[in-house]
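Engineer: Questions regarding the structure given below will be posed in turn.
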Amino acid sequence: MYEPLEETEDYLKIKAEKEMFLKGDIIAGGKLRGATMDIKEAIQDADVILIVVPSFAHKPIFEKLIPELKDSRHVIIVPGNYGGLLLKKMMFDNGVKRKVTISETASLPYACRISSYNTVMIYKKKFQMKIATSPKQNNREIVNIMNDIFEDYISFISGENLLEMDLDNVNQTLHPLPVLLNYGSIEKNPKTFRHYMDGVTPLISVKMKQIDDERMAIGKGFSLNLMSTLDQLKMYYGNNDTKTYYEYVNSPESPYKDIVGHSVKSRYITEDVPCLYAPAIQLAKRVSVEAPVTELCIKLASELHGVDYISKGYTLEKLGIADKTPEEIVALTS
């Protein structure tokens with residue numbers, strides 16, 4: 001396990017004890033081979049490198065990862081959040097031509113939260129999820145690797161390309177809008193406000209559907225057949241006859257009932273707006289798709305936080321695709 005930030009007390013405990021535990025929907029424990037702040041040590045014998053961090057950590061980790069990459073390594077970004085395009089651009093800019101595969105999922109394999117320094121609470125594991133790889137012809141190999149790693153816990157299936165994984169991230173639909181429309185209540189009760197149970201109402205659910213329709217229209221502009229967020233939730237956590245997000249989060253299949261504690265400046269805004277909405281709205285313009293609710297959310301979040309989330313976030317220039325046609329973007333992510 002690689003720790004990129006600082007030598008905290010929790011990190012030193014994990015490094016000494018070399019143990020991690022899961023509780024909740026999965027009850028398990030296991031030994032780590034080790035924990036290190038040296039990325040060379042972390043990946044020197046690794047065939048598969050799993051990058052499981054928030055989007056804002058991708059760039060600093062890639063800066064340290066790229067010089068140590070060797071041929072035939074598999075880099076898997078969970079979730080992708082345009083990390084594959086960023087990694088490709090950074091490798092190109094640094095003249096690195098390693099023969100590696102870059103894979104992305106659209107989501108984490110579990111709905112989960114850290115409960116202590118060495119324990120993760122699994123509210124619910126997903127049943128099935130997609131993964132895509134560039135080069136595309138290697139995806140079957142990566143699917144097999146992930147199904148071996150997660151055997152008996154989650155089943156991985158093949159996605160089309162990295163762009164599909166980026167645009168099929170359900171956080172675009174589930175996260176920013178309910179925060180923005182419940183801003184006052186969250187500000188008053190940041191430790192107890194339940195994002196899904198308190199924040200997703202029947203009317204807000206209607207607007208979430210509009211966000212989702214815009215997301216899927218963007219995908220269609222790139223000839224991608226994205227899944228609706230509702231269909232993805234049913235694939236992830238269990239099928240039922242619900243018709244709206246409000247109905248699903250209140251259904252027995254929902255993993256979200258106990259998830260609390262998000263401030264108005266949580267990652268539901270500070271990560272998802274610059275790293276999901278910002279590139280999505282720029283991609284929408286590239287294929288002449290209107291996305292007014294998505295654009296409104298970006299403007300509102302930027303105004304409330306005093307941040308230009310478009311320029312701060314993933315621009316097409318930062319992802320290395322500003323000068324590429326839609327067909328070339330799809331090819332680069334395949």
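Any read-out appearing in this document is the output of simple, stated calculations on the displayed coordinates, not a laboratory observation. Keep in mind that this is a model prediction, so the values were computed, not measured. Methodologically, a virtual Cβ is constructed for each residue, glycine included, from the backbone with ideal geometry; neighbour enumeration extends over all protein chains shown.
Engineer: Using helices alone, what [θ] at 222 nm do you get for the chain, with -39,500 (n - 2.57) per DSSP H run of 4 or more residues, divided over all residues and rounded to the nearest 500?
Structural biologist: Only helices count here, giving -11000 deg cm²/dmol.
Engineer: Any idea how far the Cα center of region 78-148 sits from the one of region 197-224, in Å?
Structural biologist: 24
Engineer: How big is the chain by the Kirkwood estimate over distinct Cα pairs, in Å?
Structural biologist: After inverting the pairwise mean of 1/r, the radius is 20.6 Å.
Engineer: Here's another thing I want to ask about it. Could you grab the relative contact order for the chain? Cα pairs under 8 Å, six or more apart, rounded to a whole percent.
Structural biologist: Contact order relative to length: 16 percent.
Engineer: I'd like the antiparallel share, as a percent to the nearest 5, of DSSP beta bridges with both residues in the chain.
Structural biologist: Restricted to the chain, the bridges split so that about 45 percent are antiparallel.
Engineer: Still on this model: For region 173-229, which trypsin sites (Lys or Arg not before Pro) are both in a DSSP coil and crowded by at most 12 other Cβ atoms within 10 Å?
Structural biologist: When the trypsin sites (Lys or Arg not before Pro) of region 173-229 are filtered for loop state and at most 12 Cβ neighbours within 10 Å, K191 remain.
Engineer: What is the order of C275, C112, fewest Cβ neighbours within 10 Å to most?
Structural biologist: Fewest to most other Cβ atoms nearby, the residues stand as C112, C275.
Engineer: What is the spin-label model distance, in nm, from K13 to S185 if the labels are put 7 Å beyond Cα along the C-beta direction?
Structural biologist: That separation, rounded to one decimal, is 3.4 nm.
Engineer: Extending each Cα 7 Å along its Cβ direction at M37 and E290, get the distance between those two points in nm, one decimal.
Structural biologist: According to this spin-label approximation, the distance is 5.3 nm.
Engineer: Over all Cα pairs of region 1-150, how is the pair count split among 10 Å bins, expressed in % and running from 0 up to the last occupied bin?
Structural biologist: P(r) for region 1-150, in whole percents per bin: 10, 37, 39, 13, 1.
Engineer: Follow-up question, since we're still on this one. Lysines near K124 by alpha-carbon distance under 16 Å, same-chain residues fewer than 8 away left out - which ones?
Structural biologist: K23, K234, K257
Engineer: Quote to one decimal, in nm, the extra length available between L50 and A322 on full extension: 0.36 nm per residue of separation minus the C-alpha distance between them.
Structural biologist: Length gained, L50 through A322: 95.2 nm.
Engineer: Scan the chain and note any complete DSSP helix (H) whose C-alpha atoms cover at least 18 Å along its axis and whose Kyte-Doolittle average is 0.0 or more.
Structural biologist: Taking the DSSP H segments of the chain (at least 18 Å long, mean hydropathy at least 0.0), we get 292-305.
Engineer: Given the Cα-Cα distance of K70 and E253 and 0.36 nm per residue of separation, how much length would full extension add, in nm?
Structural biologist: So the chain would gain 61.6 nm between K70 and E253.
Engineer: With label points built 7 Å along Cα→Cβ from the Cα atoms of D308 and T119, find their separation and express it in nm.
Structural biologist: 4.7
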